[in-house]
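Visitor: Here it is, the structure in full.
The values are calculated or read from the model by the stated rules, or taken from the named source; none is laboratory data. Just so you know, these numbers come straight off a predicted model, no measurement behind them. Note: ideal-geometry Cβ built from the backbone for every residue, glycine included; neighbour counts use all protein chains shown.
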């Protein structure tokens, strides 16, 4: 029998050590409190405090639940094990084990157990709190329209329920296993559990461990049952979802294994009474063997010897389900594919029927012309434009035009003085939007501006030009001052007043968090680790602090469940400069649908944000459910429901009621600037490269596999980007603003198909994807072949030679555009030239290349290039440099077109009054239809109004 251990002298911790620990803990708590409170203030200013409180409450609840369950199980089972320890400490086989037993029997072990349990609980709580979206989605889940084809369950089960229950079961198993290990350790240290040969463990330890292992096995059995459903969202070499072997072997095998696991659990429960470990341990061995046989060996054998020899036939029904589910998940189930026998011969006047489409050929490449914007519109070094510009549409002088736009933002790196006051209180905002025609240039090749300079001048409506919230300014600013105080924010850098000096400004908007009291100042000083927030006299009772100011940050904060498009763009709407952000609802557990990696499908070169958009996650469901608008002056975020049929958006609308506005609240002016988003289009074209094949055997054999071609300008490894163009689809009466792309056959360079989606949000056909499939009988050159043919053409090479041989200027190729016109495919490519060795150099649009069939043309204008291609007469004008566009009645080798003017007659007053009345009524009806969300009626009434306007013009004698 062991004797009591000798008393030991316990050294008390040094007071300095205790002080340091207390200070460190207080600093962490204060920092955490500052972050939480300032986050709340930020959300309250944004108007989305409900999002913050709901997520914080859910996250806190999950943290507490994880902490309590883990700590409770660990500490509870540990205390049970301590209570079951022998009354007399047995002798140990080693001195180390004896030392542990001394601690265990001394009473200090209870404190150690509580600390261990709380530490494990803290980790579990943190891990559980990360599942806030999973829990909120489960609680507010919304069913889909139709059941899936595998188990006959609603897809909502896989999207919302399955991730939740998997999370719960995995967490419970983790807690039970860890608490069981703690119990085993304590039983062993106390001597209740004996591992030596011939030694008997105590009855209490055997009962305790038997029950614990039985509970673990019961939860594991439930997990096995859920693994059956996981087959619908698992991927193998063939497809994502259930295949032949899954349906005939694995589904049943999981049920058998779950039943065996339950049997094992019952044997362990029985062992609490019988205490004969041979049978329950043997059952676990049987479970392991069964898992190997039923879970691995048997399915692999069926796959190898039964399925693989006849895979196309046996997998056919499952492939058909998979194709249908994938097309539905990515919104391409109703894509129309038309055969297109493209002609390659050219003739004079060939483009006459497509005259309206030619002005939609955008020659100003937003990927190339940013340096020209900087040279002509940067004004000062502390302003900056994004390296990739954007395309929007505006009605100018009664005609809708594609416009290349960019916001002039602050670039703090360009400041001569990097003082705290300059960075945070003076250079606080950008100024104005710059825009140029997409299809026109000035005489020297520079963009033809429609909005420029500081203050802004041009054709765009007057608007608030100051940009406090944008893509490039990510540091915080402190703005605002009491009435009568001299302004300190730089507004315009020079010429802003009569003295010709800089004009200053004081922010008076509602953006930013007020800093009216000492506590808020102190908390923000802690948050940003910047004591100047407390010390500077420029921080006063009317000051506001602006931070987290990129549109993507603000949208993701307002709707953290959204994946946002990587390319946002500015627009002028109702006198305000706003940022338009497309938001997606996504899932990676939609049943039976193929997963797509966003990072590989989306061309990151086109992103205009600061890396805050889409990430490299894989999804198998995607909808453009939300259109978000961020005000550039006050940072206000408005979320509009766009795809109202999406169950995921409806789920989050229930989780955060009132946060998403109805589609009918989108104003007519805003609707004109909404467009089909690029990221979604790129994902859909990735899906359609294979899933345009709806026949199971064709899909399996990959006989008609397409791929997105490499960009011929950017080089191998860079996919050709989609482009916004006004396209006149074969057979349509008028061109439509569209987002377009092309395919080539897998491993080949010739053109396989042409793809376009209606990108006009005001159109009743918005989102309609159409594909022209090229005929197999006639080869149409793809982008790479066309680029090679154009650049090696003798005439083109002669014109470009001075810019390609180390001369005073160099040439840069713009986007290679493709249009289905003239019964075939027309390729158009702008060529920019730029002086070398000059700090003031910029890309100037100098040439335009065109190709139809085998005919190539080059000119200083698109008109000249087209006329060369079509034997001296393209048959239509391009509308460049402000010239009217349309069909021509005669040809000219110079590309200039003339017409005989008409003499207006006397006005018909009665007809004029009637036409004006009809136009007013049609516009009123169109507005009413738009507010009601009836886009088809809106389009019809708008067309009626336009027709009435034309009658009014005719009645006036014009």
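Visitor: For segment 505-522, name all the residues that are assigned to a helix (DSSP H, G or I) and loosely packed, with under 15 Cβ neighbours inside 10 Å.
Guide: Across segment 505-522, the qualifying residues are 518, 519.
Visitor: Could you list, in sequence order, all residues of segment 644-662 that are surrounded by fewer than 18 Cβ atoms within 10 Å (Cβ to Cβ) and farther than 16 Å from residue 557 by Cα?
Guide: Selection gives 644, 645, 654, 661, 662.
Visitor: Test residue 756 against the criterion of being under 23 Å from residue 343 (Cα atoms) and within 25 Å of the chain's Cα centre (by Cα), and give yes or no.
Guide: yes
Visitor: Taking only segment 144-174 into account, find how many residues are touching a residue at least 12 places away in the same chain (Cβ under 8 Å) and part of a helix (DSSP H, G or I).
Guide: Selection size over segment 144-174: 19.
Visitor: Looking at 192, 221 in this structure, which one is farther than 30 Å from residue 151 by Cα and touching a helix residue (DSSP H, G or I) at 6+ places or on another chain (Cβ under 6 Å)? Spell out how you get there, then give the answer.
Guide: Working: 221 fails: farther than 30 Å from residue 151 by Cα.
The match here is 192.
Listed here are the residues, each with its yes/no results for (1) in contact with a helix residue (DSSP H, G or I) (Cβ under 7 Å, 6 or more places away or on another chain); (2) farther than 30 Å from residue 729 by Cβ.
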| position | (1), (2) |
| --- | --- |
| 294 | yes, yes |
| 300 | no, yes |
| 306 | no, yes |
| 341 | no, no |
| 347 | no, no |
| 355 | no, no |
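Visitor: Further question on the same structure: Name, by its number, the condition in (1) closer than 26 Å to residue 212 by Cα; (2) out of contact with any helix residue (DSSP H, G or I) (no Cβ under 8 Å at 6 or more places or on another chain) that does not hold for residue 154.
Guide: Among (1) closer than 26 Å to residue 212 by Cα; (2) out of contact with any helix residue (DSSP H, G or I) (no Cβ under 8 Å at 6 or more places or on another chain), residue 154 violates only (1).
Visitor: What's the total number of residues in segment 184-213 that are part of a helix (DSSP H, G or I) and closer than 20 Å to residue 267 by Cα?
Guide: Taking segment 184-213 as the starting set, the residues that turn out to be part of a helix (DSSP H, G or I) are 184-190, 203-213.
If we keep only those that are closer than 20 Å to residue 267 by Cα as well, we get 184, 203-213.
The qualifying residues number 12.
Visitor: Looking at segment 60-70 only, could you name the residues that are surrounded by fewer than 19 Cβ atoms within 10 Å (Cβ to Cβ) and either within 24 Å of the chain's Cα centre (by Cα) or in contact (Cβ under 8 Å) with a residue 60 or more places away in the chain (or both)?
Guide: Matches in segment 60-70: 60, 64, 65.
Visitor: Quick check on this structure: which one of 561, 579 is surrounded by 19 or more Cβ atoms within 10 Å (Cβ to Cβ), part of a loop (DSSP other than H, G, I, E, B), in contact with a strand residue (DSSP E or B) (Cβ under 8 Å, 6 or more places away or on another chain) and in contact (Cβ under 8 Å) with a residue 60 or more places away in the chain?
Guide: Details: 579 fails: part of a loop (DSSP other than H, G, I, E, B).
Just a single option satisfies the conditions, and that option is 561.
Visitor: Given the conditions (1) modelled with pLDDT of 95 or more; (2) surrounded by fewer than 20 Cβ atoms within 10 Å (Cβ to Cβ), which single one is not true for residue 132?
Guide: (2)
Visitor: Taking residue 574, is it more than 20 Å from residue 49 (Cβ to Cβ), in contact with a strand residue (DSSP E or B) (Cβ under 6 Å, 6 or more places away or on another chain) and in contact (Cβ under 8 Å) with a residue 12 or more places away in the chain?
Guide: no
Visitor: When residue 534 is evaluated against the numbered criteria (1) part of a loop (DSSP other than H, G, I, E, B); (2) more than 29 Å from residue 640 (Cα to Cα), which criterion, by number, is the only one it fails?
Guide: Condition not satisfied by residue 534: (1).
A quick yes/no check of all residues on (1) in contact (Cβ under 8 Å) with a residue 24 or more places away in the chain; (2) closer than 23 Å to residue 574 by Cα; (3) not in a strand (DSSP E or B):
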position	(1), (2), (3)
455	yes, yes, yes
472	yes, no, yes
478	yes, no, no
486	no, no, yes
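Visitor: Right, another one. Among the residues of segment 316-339 satisfying the criterion of being surrounded by fewer than 21 Cβ atoms within 10 Å (Cβ to Cβ) and touching a helix residue (DSSP H, G or I) at 6+ places or on another chain (Cβ under 6 Å), which is farthest from residue 585 (Cα to Cα)?
Guide: 316
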